[in-house]
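In what follows, a single structure is set out as C-alpha cells and then discussed.
The values are calculated or read from the model by the stated rules, or taken from the named source; none is laboratory data. Quick caveat: nothing in here was measured; it's all calculated off a predicted structure. We place every Cβ from the backbone using ideal geometry, glycine too, and count neighbours over all the protein chains shown. The protein model used for the area step is the full one, side chains on, heavy atoms only, and it has no ligands, DNA or RNA in it. Shrake-Rupley method; radii C 1.70, N 1.55, O 1.52, S 1.80 Å.
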Amino acid sequence: MKTLKAVLAYISSCKIWLIALACANVLFIFFAWFAYPEEFYSLIWLMIFVSVGTSFIPLFILVKRHHKLQTVFHHFLTEPDEANEYALCEAAPISMHPFIHELGDNLRSRQAEIDNSGVQLVDYESYIENWVHEIKKPLSLMTLVLDNRKEELSPLVYSRMLHVRDHIRQDVEQILYFSRLGATHKDYYWEPLSVLTVCKEAIADNQTLLEEAGFTIDFWGHDCNVFSDKKGLMFILGQLINNSVKYADKTASPTLLFQLRENIGEETIVLSITDNGPGIPSSDLPFVFEKGFTGDRGSYMSRSTGMGLYLVKKMATDLAIDLQITSELKCKTTVSLLFPKVKSSAL
C-alpha cells in the first residue's frame, strides 16, 4: 500500500509531463488517421507501446532517485553537517542547491543555539541543586540552635522561628524536586508503606506550621498498606498540608481531615485530605495542576505561585498515584490520592 501511494505521488508530481505526452499522442493519432488510414489501428498500438515504454523507464528512474533523495534528506535532518549537506546536493537537482545550503546553515545555527541552551540548563540545574544542599547547612544550624537554646528564647520568638524554618524547608524541597523533574534516572525506592504512619510523619514534619495556624487534625477509616516511594509520598503530603495552611480561613477554626478507604470495585486505596478553607471555584478546578496556574481573583489559588500542585501532580504520576480534586467554594477542598492496590503477597 505504501509503495502504491508512493508511485501515485511520483506520477502526480510528473502530471505536467504526462499531460504533454498525452497531447502529443492525440496529435500523433490525428496525423496517423489522416496520413495512413489503412494502418491506423496498428499505429495506435505502436504509439501506446512507445508511450508506456517512454513513461515507465523515466518513472522507474525517478522512483529510485526519490528513494535515494529521501534517505539522504533524513540523514541530513538528523545530522545537518557539511558532509550530509554535500551528499544531499549530490542527490538533489541543481536548482535546489541554494535552498539546501541555506537550510543547512540555518539548521546548524539552530543546533548550536540548542546545544548552548542545553549546557546553560545543565549548569543552572547543577547550581540550583548545589544551592539547595548549601542552604541545608544554615537550616540544620538553625535547628540545632533552636533545640539547644530553646530556654534562652521567649515562647513567641521560638514558635515564630520554627514557623519560618519550616517555611524555608518547604520552599527548599519544592525547588529541589522541581530541579529533578527532568532527570533521566530517578532514585525512587519502592517499599510497602503504612499510609496512616506516613501521614502522621508528614504532620509531624509540618507541626509548627499547623500549630501556628491553629489546625485541628482528624483521621477517619482504617489503616492500609500501599506500595510506593516514601520520600515522594512525603513530598506530596507536605505540599498538600502546606497549601491547606497557606490558604486557611482565618475567621474559622481550621481543620484537616485524613480519610482512608478501599475502593473495592476499582481495586484502589483512596486517601482523601480535606480542609475547610475558602475552596476553589469550579471554573478553576480543571487547571489547578497546571504549571503556573494561579486561578481567578479572590479564589483559593489567587496567592499561589502555581508550582506546588504542579509538582504534586508530577510526583504522583511518577508514583502511579491518580489525583482527584473536588471543592465547594467557601466551604472545603478535598484532594484524593488513589493508590493502585497491590496483592498482599507482593507486600
task = Once you have a ≥ b ≥ c as the square roots of the Cα gyration tensor eigenvalues for region 30-171, tell me rounded if a/c is under 1.5, and otherwise prolate or oblate according to whether a/b is larger than b/c.
result = prolate
Whole-Hz couplings from phi, Karplus 6.51/-1.76/1.60, listed for region 145-154; x for Gly and Pro = 5, 5, 6, 8, 10, 4, 5, 8, 10, 6
inquiry  = Leaving out ligands, DNA and RNA, and with a 1.4 Å probe, what % of the accessible surface on region 100-189 is carbon or sulfur?
reply    = 58 percent
note = With all protein chains present and a 1.4 Å probe, the order of SER126, SER42 from largest accessible area down is SER42, SER126
ask   = Counting only protein heavy atoms, what percent of the accessible surface of region 193-303 is carbon or sulfur at a 1.4 Å probe?
value = 50 percent
inquiry  = About the Cα centre, and with charges only on the beta carbon of Lys, Arg (+1) and Asp, Glu (-1), how big is the dipole of region 71-119? Nearest 20 debye, please.
reply    = 120 debye
query = When DSSP assigns beta bridges and you keep just the ones with both residues in region 129-287, what percent turn out antiparallel, to the nearest 5?
reply = 70 percent
request  = Express in nm, to one decimal, how much length is gained between ILE135 and ILE94 on full extension, taking 0.36 nm for each residue of separation and deducting their alpha carbon distance.
outcome  = 8.6 nm
task = Rank TRP190, PHE235, LEU176 by how far each Cα sits towards the positive end of the charge dipole of region 159-256 (+1 on Lys, Arg Cβ; -1 on Asp, Glu Cβ) and give me just the farthest.
result = LEU176
ask   = Direction-averaged shadow area of the convex hull around the Cα atoms of region 55-128, nm²?
value = 5.9 nm²
inquiry  = Per residue, how big is the convex hull of region 127-195 when only Cα atoms are used? Give it in Å³.
reply    = 135 Å³
inquiry  = Taking 31 Å as the cut-off for C-alpha to C-alpha distance, list the pairs among LYS137/LYS250; LYS231/LYS332; LYS137/LYS332; LYS150/LYS330 that go past it.
reply    = LYS137/LYS250; LYS137/LYS332; LYS150/LYS330
